[in-house]
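The values are calculated or read from the model by the stated rules, or taken from the named source; none is laboratory data. Just so we're clear, the structure is a prediction, and the values are computed from it rather than from any experiment. Every residue, glycine as well, gets a Cβ built from its backbone with ideal geometry; the counts of neighbours run over all protein chains shown.
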Amino acid sequence: MAFDGIVIANVIQELRKTLLGGRINKIAQPEKDELILTIKGQAREQYKLLLSAGAGLPLIYLTEYTKQSPMTAPNFCMLLRKHLNSAKILDIYQPGLERIIHFKVEHLDEMGDQRVKYLIFELMGKHSNIIFCDEDMVIIDSIKRINQFISSVREVLPGRKYFIPLTVEKYDPLTVTFDDFQNSILKKPMSIGKALYNSLTGISPLLANELCCRASIEASEATNTLSEAALLHLFNNFSRLIEDVKSGNFTPNIVSQDSVPVEFSSVALTCYTNHEVQSYDSISVLLETFYASKDSVARIRQKSFDLRKVVSNAIDRASKKYDLQHKQLQDTDKRDKFKIYGELITAYGYGLEPGTKVLNTINYYDDKEISIPLDPTLSPLENAKHYFEKYSKLKRTYEALTTQIKETSDELTHLESIRTSLEIATEENDLAALKRELTEYGYIRRKFVSGPNKLVKKANSQKSGVKSKPFHYISSDGYHMYVGKNNYQNDELTFQFAEGGDWWFHAKKMAGSHVIVKADGKELPDRTYEEAGRLAAYYSSSRDADKVEVDYTLRKNVKKPSGGKPGFVIYYTNYSMISTTDIKGIEQVL
């Protein structure tokens, strides 16, 4: 994610259109390194501007979201309220393509005289800061005070002169020439991409890679491999990009893969192929959407960590048990041999002399000669009884293991379905439903609290509180398609929501979601079958594969076996298709 100089230029373009001439109406500091300015525009519209100097995620954009402020405002917030309440925004600008925004404001001092102040926002990763200066660029205060013990490059303290620290000599992309490119930037002994973002202010690694992609050059190649023609082609692409920046020709967009945001930029990103691209008219809407979505995905992944660990451990245990049971089952393969030994000894052992160690005879099942080991301390009848007992024991073991292997196989299938559901979970309610399922089947220990006379199970109250909705899509032909997010939802969709004439889809012989297509008594078009198959393939344990075999049938052909686990069904009349796992272009109802 690159909050580079060009994204800053795009933000400033939007802020100038909406905020210039407006007055700062409210100032809040909901976090220690974050401000929200409420600004009344010239046409009396009201805007909220978020400025976050967080070390991990510095941000600035217009928002409608309001955060609760602390009961007592921090000192920096009180200082800004003293100087900037009702202040008029005269200018918003960016020095070169630096990741810095200057807000030039005008206000009345205690004597009623007009004064100019500067609110400077530096978006520089862990060095991000919001600095308040007077008309002479002397620091009045900052949201983060930086002394000489924190930084030897620049102190950010009241009374110090404000300046931009030049820790690395870089060229201004707005004024750089071809000679600079040829004789300085691309003469550095490093890769082409690194030379670009190390030498040009505001150019991120993402933009450097994009420039190389547009010029059909590998960003990882060394600068000394560039031909003169390739260098000229690269500079021309760079010049066209800078011309778009100077003229304000931005194209805010988010690049996603499998509906998960990957990158954003204010220029078209041709370096990403086979990705979804969503364009936006507003850079503020883009930033809020991108970071809200990334934050949501990260939060769900974090909250599901414990559940994923429980499922992973349970699958490991069940897999080891399954392998052990199969090995034990192989040991029972010789049970029929012991039965035959007992029968042959009973039939032909009557003439054996005491102390005989081997009975050589003809196996009347295949008319072949067979040698049967004997215990010389036992009689023929006792040897036969011994083999019959071994046969009976192995037979009982075989029958028990066959049942246990079926149970373990069903358990693995169930756990795989839960793991798949965890991968597609998008809301906390989805996780709550999965936690309930894991608790009910004993993978998570139930929590008890002491009551007046008995123990009260906390899990009892969870069933009614979990409300998770299935994914809802509309096919290109207008048919409603629903995808279960977990096993409970799969059962509900299939056996309560769907009607007999609706169509049911599922990835063949693997964990995955039930997909229901509401037919409304009509014959489905081929395109709807294909799109429903793609959904079933994507929402399965093989979503990373290119193609998946999908079964589909009328809902009336799908049955729930007695005692079957959630989401487990049987069907005998079905069709099959090979579907891709690409669901791009299928409209989702949010």
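Observations
- All positions within the range 322-364 that are assigned to a strand (DSSP E or B), over 30 Å from Ala400 (Cα atoms) and touching a helix residue (DSSP H, G or I) at 6+ places or on another chain (Cβ under 9 Å): Leu359, Thr361, Ile362
- Residues satisfying the stated conditions in the range 365-402, i.e. surrounded by 13 or more Cβ atoms within 10 Å (Cβ to Cβ) and assigned to a strand (DSSP E or B): Ile370, Ile372
- When Leu50 is tested against (1) without any contact (Cβ under 8 Å) to a residue 40 or more places away in the chain; (2) assigned to a loop (DSSP other than H, G, I, E, B), just one condition goes unmet, and that condition is (2).
- A Cβ distance below 6 Å, combined with a sequence gap of six or more or placement on separate chains, defines the contacts here; from the range 254-277, residues that are touching a residue at least 12 places away in the same chain (Cβ under 8 Å) and part of a strand (DSSP E or B) reach residues that are surrounded by fewer than 18 Cβ atoms within 10 Å (Cβ to Cβ) and among the small types (Gly, Ala, Ser) in the pairs Pro261/Ser293.
- Among the residues of the range 152-163, those identified as in contact (Cβ under 8 Å) with a residue 12 or more places away in the chain and surrounded by 12 or more Cβ atoms within 10 Å (Cβ to Cβ) are Val156, Leu157, Pro158, Arg160, Tyr162.
- Yes/no for Asp582 being surrounded by fewer than 17 Cβ atoms within 10 Å (Cβ to Cβ), closer than 20 Å to Glu423 by Cα and in contact with a Ser or Thr (Cβ under 9 Å, 6 or more places away or on another chain): no
- Within the range 81-114, the set of residues being in a strand (DSSP E or B), out of contact with any Gly (no Cβ under 8 Å at 6 or more places or on another chain) and of a type in the set (D, E, K, R) comprises Asp91, Lys104, Glu106.
- Index of the failed condition, Asn460 passing every other in (1) of a type in the set (S, T, N, Q); (2) at pLDDT 90 or above; (3) farther than 20 Å from Arg543 by Cβ: (2)
- Among the residues of the range 570-587, the ones that are under 30 Å from the mean Cα position of the chain (by Cα), more than 15 Å from Glu549 (Cα to Cα) and in a strand (DSSP E or B) come to 1 in all.
- Selected residue (only one of Ala536, Ala532 is in contact with a strand residue (DSSP E or B) (Cβ under 8 Å, 6 or more places away or on another chain), outside any loop (DSSP other than H, G, I, E, B), at pLDDT 95 or above and under 23 Å from Leu434 (Cβ atoms)): Ala536
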